[in-house]
Each structure stands twice: as C-alpha cells, then as structure tokens.
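Trainee: Please read through the structure below; I'll follow up with questions.
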Amino acid sequence: MSTTGTTAHLSDVVAAAHRLWPRELAESWDASGLVCGRPDAPVRRILWAVDPVQAVAAEAVRRDAQLLLTHHPLLLRGAHFLPADTDKGAVVHELVEHGIGLLASHTNADSYDGGVSDALTRACGVKAARPLDPTDAERGSTGIGRVGELAEPVTLEALAQRLASAMRPTAGGVRVAGPREGLVRRVAVCGGAGDSLFDAVRAVDADVYVTADLRHHPASEARERALLSGGRPYLIDCSHFASEQLWLTEGARALEAELAREGFAVQMLLSELNTDPWDFAVRPERHPGSASTNAEAARY
C-alpha cells in the first residue's frame, strides 16, 4: 500500500489516526495513543501489527518503518521503570534507538465504525451491522461489538469453517459450541475478549456469538442458559490475535486514504508475524468419547 505526495511527520499521522479512531471513544481503563516518538520525525513507512512485542519491534527495524502502529497498547497496566533487560523496556529501547515511534489504537478502534469488529463481521459474511453494545446514542455506528444478519442462513459448522479460512491459523484453531448442523443467520461478534457481553448478545437474539478468549465458566453458563431457550446463541471462540488481525488491512487502508487526503505519502506495511502466544496444541491419541476412555474415567 502506498501513495505519492508530501512526506508526513509523526504529528500528522497521529492526528489522522485520531480523526479516524477518536481517543474519546477509548474505554476509561485503556492506554491508546502515542507511546514514544518525536512529533517532528518524518514518517515514510508504517508497520501495522496486533501486538507490540519484541519480535515485531525488530521487524519494524528490519523493514525500515518509522512508526509501529499496533492495536494493543504496550503499557496497558503502566510501568514505573523501563530498563532494556525487561520485556516492555526491550521494545521501547529497540524502537527509540532506531528512531521508530509507537502508536496504539485499541478500544477506540474497537468502537468506531469500520473498526475491529466490523472486520470480523465481514469475515463472517455479514454485509451490514450495528453496534452490539452502543456507546453513544447520537453516534449510532459506535460501540463495542457488532450484530448483523447473513444474506442466507448457513450451518454453524459452515460459518466456523468460513472464519477459519479467513483468519491467520493459530494453534488453538476455532472452537465451536453447538450442533454442527444448527442453522444461523443473526450473528453477533466481538473482536478480542468478549465474554463480558453475553447479556447484549441475548438482548439482540443472536443465533451465534463469535468472539475470543471465552473462559470456561462464562461459556458454560451461557450454553446452559441457551439450552433453556432453544439452544441459541451458539458460540464460536477464536484466537484473540486472529480475531483482531483481520482489521489491520482495513485500518491501514483507512489511514493511508486519510493521509492522502491531506497530501501526505506514507507506505503501509502489514506485519508478517503471527503473535498469537500459543505455539502448538496436543490432542489425545484416543478420542475422549471412546468407550475405553469413558471406562477409564469412570474409575476415578
């Protein structure tokens, strides 16, 4: 992705990003914004990534980026010290020593129209969606999560397969709760961790809820409640990284266009790294539902 025009400065890029994803839409606990970088530094290339980890910082250096733009903040919980021999400090030192800025667009990009959950709904095949949990009644397009309808019903398994094909592969894959042949049309989604939104999902009468990081108890309780009312919503649980990585391409295109309107030429680069924290998963040699396994379990 690239344009022709005047070289932008970091302050120009930050201003454009905040026009697209206003900081006031960020949650109160969030740490979106500029982490490091000189406002007057020229920016010719921006590397987009989900996570500001050490490997991504090294990639920014290797690919000659002047700004690393990540979805997740580096210092979400804050830090008093950042020596180079700590995980957070190593990232900051690598970037600063090579003149690379760091900007995070987190829950503001989750909430705004065209954000993270919009990319996830499109991966599901939903063409038009509205916020699942609106944040501003006057701005009907902003809020956490999205809900919309597929053009035609599909089976739960087909929807899960569609998502698995659209996302970066991860060790955990895509997990599903519900019958393979169950038909779904109304889809609720939340990119990233979404087990705090089950009430909103039930309120919109969704057939299926697509999100990430579903913990045992919230997922179990949601399924138990669903069984009392026809079995829905079914659940599709994705990798946190994969559910948000879909947005990088759309975010980069939006920022490139916003800067081009101002006459700035900035090349957008997408990280080539998979920063999902899990490397592999181990499956039992015998299926857990086999008679021998059940017999062994009954002895304990």
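Trainee: Residues Pro233, Pro218: which one is buried (at least 18 other Cβ atoms within 10 Å of the Cβ) and either among the basic types (Lys, Arg) or over 18 Å from Gly114 (Cβ atoms) (or both)? Outline the logic, then answer.
Mentor: Values: Pro218 fails: buried (at least 18 other Cβ atoms within 10 Å of the Cβ).
Exactly one of Pro233, Pro218 is buried (at least 18 other Cβ atoms within 10 Å of the Cβ) and either among the basic types (Lys, Arg) or over 18 Å from Gly114 (Cβ atoms) (or both), namely Pro233.
Trainee: Could you look through segment 26-36, keep only residues that are surrounded by 18 or more Cβ atoms within 10 Å (Cβ to Cβ) and within 13 Å of Ala109 (Cβ to Cβ), and pick out the one that is modelled with the lowest pLDDT?
Mentor: Ranking the candidates gives Ala26 first.
Trainee: Looking at Arg23, Arg19, which is the one that is surrounded by fewer than 18 Cβ atoms within 10 Å (Cβ to Cβ), at negative phi and in contact with a strand residue (DSSP E or B) (Cβ under 8 Å, 6 or more places away or on another chain)? If you could, list the steps in order and put the result at the bottom.
Mentor: Values: Arg19 fails: in contact with a strand residue (DSSP E or B) (Cβ under 8 Å, 6 or more places away or on another chain).
Residue meeting the stated conditions: Arg23.
Trainee: Residues in segment 67-85 that are hydroxyl-bearing (Ser, Thr, Tyr) and modelled with pLDDT under 95: how many? Step through it out loud before you land on a result.
Mentor: Within segment 67-85, the subset hydroxyl-bearing (Ser, Thr, Tyr) is 70.
The next check asks that each one be modelled with pLDDT under 95; those that pass are none.
So the count comes out to 0.
Trainee: Just the residues that are farther than 14 Å from Gly194 by Cα and aliphatic (A, V, I, L, M), please, taken from segment 215-241.
Mentor: Matches in segment 215-241: Ala226, Leu227, Leu228.
Trainee: Do any strands (runs of 3 or more DSSP E) lying entirely in segment 1-96 carry at least 3 residues that are more than 29 Å from Asp113 (Cβ to Cβ), and which ones are they?
Mentor: Values: elements: 6-9, 33-36, 45-49, 67-70.
It comes to none.
Trainee: Still on this structure, I have one more. Looking only at segment 172-201, count every residue that is of a type outside the set (A, V, I, L, M), more than 22 Å from Ala128 (Cβ to Cβ) and either in a loop (DSSP other than H, G, I, E, B) or without any contact (Cβ under 8 Å) to a residue 40 or more places away in the chain (or both) and tell me the total. Let's see the steps before the verdict.
Mentor: Here is the first cut: in segment 172-201, the ones of a type outside the set (A, V, I, L, M) are 172-173, 175, 178-182, 185-186, 190-192, 194-196, 198-199.
Filter once more, so that each one left must be more than 22 Å from Ala128 (Cβ to Cβ): 172-173, 175, 178-182, 195-196, 198-199.
Next cut, either in a loop (DSSP other than H, G, I, E, B) or without any contact (Cβ under 8 Å) to a residue 40 or more places away in the chain (or both) only: 172-173, 178-182, 195-196, 198-199.
Looking only at that region, the number is 11.
Trainee: Keeping to segment 117-132, report how many residues are crowded, with 17+ Cβ neighbours inside 10 Å and either assigned by TED's automatic domain parsing to the domain that holds Glu59 or among the charged types (D, E, K, R) (or both).
Mentor: Filtering segment 117-132 down to residues crowded, with 17+ Cβ neighbours inside 10 Å leaves 117-126, 129, 131-132.
The next check asks that each one be either assigned by TED's automatic domain parsing to the domain that holds Glu59 or among the charged types (D, E, K, R) (or both); those that pass are 118, 122.
Number of matching residues: 2.
Trainee: Being assigned by TED's automatic domain parsing to the domain that holds Val126, outside any helix (DSSP H, G or I) and over 18 Å from Leu150 (Cβ atoms) is the requirement here; does Pro169 meet it? Talk me through it step by step, then tell me what you get.
Mentor: Details: assigned by TED's automatic domain parsing to the domain that holds Val126: yes; outside any helix (DSSP H, G or I): yes; over 18 Å from Leu150 (Cβ atoms): yes.
So Pro169 passes the test.
Trainee: Out of curiosity, is Asp40 in contact (Cβ under 8 Å) with a residue 24 or more places away in the chain, under 26 Å from His9 (Cβ atoms) and either surrounded by fewer than 13 Cβ atoms within 10 Å (Cβ to Cβ) or among the acidic types (Asp, Glu) (or both)?
Mentor: Numbers: in contact (Cβ under 8 Å) with a residue 24 or more places away in the chain: yes; under 26 Å from His9 (Cβ atoms): yes; either surrounded by fewer than 13 Cβ atoms within 10 Å (Cβ to Cβ) or among the acidic types (Asp, Glu) (or both): yes.
Yes: the conditions hold for Asp40.
The values are calculated or read from the model by the stated rules, or taken from the named source; none is laboratory data. Just so it is clear, the model here is predicted, and its values are computed rather than measured. Virtual Cβ from ideal backbone geometry, glycine too; neighbours counted across all protein chains shown.
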